[in-house]
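The structure appears below as structure tokens.
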Amino acid sequence: MKMGNKFAVLLAALGVVAINAASVHAEEIIKLGLSVPLSGAGANWGKGSELLCHEAAKEVKAGGGVKVGGKIYNFECIAYDNKYTAAEGTKVAQTLLKRDNVKFIGGSLGTAPVRALQSLTEREGVLMFTTAWGPSIKGPKFPLTFTQMNTPSEVLFPLIKFAKEANPSIKTVAFLNPNDATGQEVEVVARKAWEAVGVNVVSSDWYERGTTEFQPIAVKLARLKADAVDLGAAPPAEAGRVLKELKALGWKGVQVVPVATGAEGLVATGGDAVDKTYTGAAVTFDGPTATARQRQLNEVMIKATGESMNTIQIGFYDAVIALKTAMEKAQSVQPEAVAKVLPEITFDSLYGSKAAFGGKQTYGSPQQILIPVIITQMKGLKLVELQRIESGELKQRIAR
Amino acid sequence: MQTALQLVMTGLQIGSVYMLFSLGLTLIFGVMKIVNFAHGQFFTLSAMLVAVLVPWLTTRGVSLPVAFGLGALAGIAVSIVVGLLLYQFGFRYFQRDLVGSFILSIGFALLFEGVFLHYFGGAVRAVPPIIDGDVSFFGVNLTAQRLALGLVALAFTLALYWVLSATRLGKAMRAVSIDHEAAMLQGIPYKKIVFNSFAIATFLGAVAGAIMAPISVITPTVGADYLVKGFIAVVIGGLGSVPGAIVGSLFIGFLESVGGYFFDPSSANMAIFVLAMLILLLRPKGVMGNG
């Protein structure tokens, strides 16, 4: 090849590279920060949540991205380990907001780390989605905070009512909760829910997350001879261990684990002791209500984490879709503008139906996602859906 | 009465694992005069390998007890190799240097925690029970698995006692812990004794991890919990004292059991820390310490 031809080929190649580089720059990226536990008993929740954030971002990209003001935006999920503690949650908050400059938190998990994050997001005008169960993070004081899954006020009353109706002999219940912000706030709502159905709370005990020895507290729970135990905000692996110890001590009663998100975690540590346990944060994907997309993502989840997809993780997927819908409606990628329209939109939830944000009557501002409450029970080593309660407020919104 | 007996049995069982763990800590302190904060990582490594290998082997047709035996052997062997590497390239140069060894061992602990998180992931792992069934006597209920664990821990403790009191190695270890220079003047091979002591301590930590795996929740940070309790047991009993480590561990076990019953696990944990502070104030050398 002559020198002139070589030069022409080189120029053409440089031109192609330049055009590609320009097209890459044309795609705008919106970073979605995630503050989740990636280690400890809640690690699978965090890993799965990050996975579903990525899956939703891929889906948005495949659908042509987020179209705002003639530009195309796509999402990028960035996750850090908050270890379910306030101290680590503070570090994660600083990293996300100060180093990564995120303007949207695609999801956050654990009331204590979320409080740390929220203290920054609200001040710095960052929109935050959270799965945290503590009611203290909601209300008109926090206009940029939105809850992406059902929380105690939505789950506990129907779950406990169902458990009581199915087991009318329950007269007493004993509580055990993790000794942190989530546990403490869940306990307050659970107490109200049990007392509302005429059940007396005989004890309320606390343990530190990460505890490996549950035999002493199991001895206490067993000797109380309560008709039911409510393990509140205990994650599945720890709840399973408590139930196993209770069974070994000969205790036979009604078991309620509101935040048990799936069968695998419970069974891994609890074995057959988890039989008949009522749960409020799990979903089944083998029934007629499961959609093809749910089944597909559930397989991806099992492959990645060894556990089924759960309601916490679905919240991270739904947040991405809700953001896309709200940004396109607001024609803005500014957090305040997006937050303003979020309560007005409905969007396609991974639950297979429409979802929206509401709950003004309960929390004083419309920031709670409206999705079905699913009551499930362990039957043997398998999770079975017992009841699905659709949100009345959502029905009215869709009808409008 | 039944409740009291149940609490005693629970305390004994919990204390027996702390005992194995803290014996390793106190042995290292006695001989090398250092506190090894990386000791919990040997426990974690062994427990994690059991938790990884048991399901892997059972899905390949190996029976559960055999899979556990192989997993435990592998876990203990790998932990000892890692422990001796840490000794050879680290702790060997920091003997009788509390500050230096403190920084080194904390560094190793953080390094290994990161490595375990990277390679094993942060998720909880569980090992199925190796021995099924419950044991009941005088109204006390225990799983057969926990009873076996207690007996194994007791057997290893008795074996260590025998080694320390009746063998040349044990006598040399005791001599070194009392006065290493005098021991050397008597012809005791100091370096070899220290090396062997570190290996035995690592072995005890790894055994504790392996036998705890089927009854605990295994994560890459599980050793940290045992390190704190084991260290408090050693402080209460007296740093470097073998009987002190045993007494301290059983005491912590009973406190967890009784405190967890009459109050709750969080309060029991707080009580353990308060007690450690009180003992440090009133008897800085521990209940059985004489150093």
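Brief remarks on what is shown
- By the combined test of axial Cα extent (at least 30 Å) and Kyte-Doolittle hydropathy (mean at least 0.5), the qualifying DSSP H helices of chain A come to A:3-26.
- Centre separation in Å (Cα based) which lies between region A:78-131 and region A:226-292: 29 Å
- Taken as entire DSSP H runs, the helices of chain B that both span 20 Å or more between Cα atoms along their own long axis and average 1.0 or more on the Kyte-Doolittle scale are B:2-32, B:39-58, B:64-89, B:98-120, B:144-166, B:190-212, B:222-237, B:242-262, B:265-282.
- Local net charge near A:Ala41, Cβ-Cβ under 10 Å (Lys/Arg +1, Asp/Glu -1): +1
- Inter-chain neighbour count for A:139-147: the average number of beta-carbon atoms from partner chains within 10 Å of each residue's beta-carbon is 0.
- Taking the average, over residues, of other Cβ atoms within 10 Å as the packing measure, peptides A:243-250, A:293-300 rank A:243-250, A:293-300 from highest down.
- By average C-beta atoms within 10 angstrom, highest first, the peptides B:214-220, A:119-125: B:214-220, A:119-125
- Average other protein chain Cβ within 10 Å of Cβ, residues B:113-123: 4
- Exposure proxy ranking, count of Cβ atoms within 10 Å, fewest first, for A:Leu32, B:Leu98: B:Leu98, A:Leu32
- Measuring r between the beta carbons of B:Ala199 and B:Leu5 and using R0 = 35 Å, the FRET efficiency lands at 0.35.
- Of all lysines in the structure, those lying under 24 Å Cα to Cα from A:Lys360, and not within fewer than 8 positions of it along the same chain, are A:Lys138, A:Lys141, A:Lys161, A:Lys192, A:Lys324, A:Lys329, A:Lys340, A:Lys395.
- Modelled FRET efficiency - R0 22 Å, B:Met184 with B:Leu73, Cβ distances, 0.05 increments: 0.05
- Packing around the peptides B:267-274, B:248-255, taken as the average count of other Cβ atoms within 10 Å per residue, puts them in this order, highest first: B:248-255, B:267-274.
- The orientation-averaged shadow of the Cα convex hull for chain A, equal to a quarter of the hull surface, comes to 22.9 nm².
- Under the convention that each Lys and Arg Cβ holds +1 and each Asp and Glu Cβ holds -1, the size of the dipole of region B:151-257 around its Cα centre is about 340 debye.
- Here the calculated FRET efficiency for B:Lys191 and B:Leu85, from their Cβ-Cβ distance with R0 = 25 Å, stands at 0.95, rounded to the nearest 0.05.
- Span from the region B:94-160 Cα centroid across to the region A:145-213 one, whole angstrom: 32 Å
- Shielding by other protein chains, B:142-154, mean Cβ within 10 Å: 1
- Relative contact order for region B:2-220, counting Cα pairs under 8 Å that sit 6 or more residues apart, in percent: 41 percent
- Kirkwood Rh and Cα Rg combined as Rg over Rh, evaluated for the protein assembly as shown: 1.03
- Potential extension, B:Ile131-B:Thr167 segment - 0.36 nm per residue separation minus Cα distance: 9.6 nm
Coordinate-derived values only; no laboratory data. Source: prediction; values computed, not measured. Using ideal geometry, Cβ is built from the backbone for each residue, glycine included, and neighbour counts are taken over all protein chains shown.
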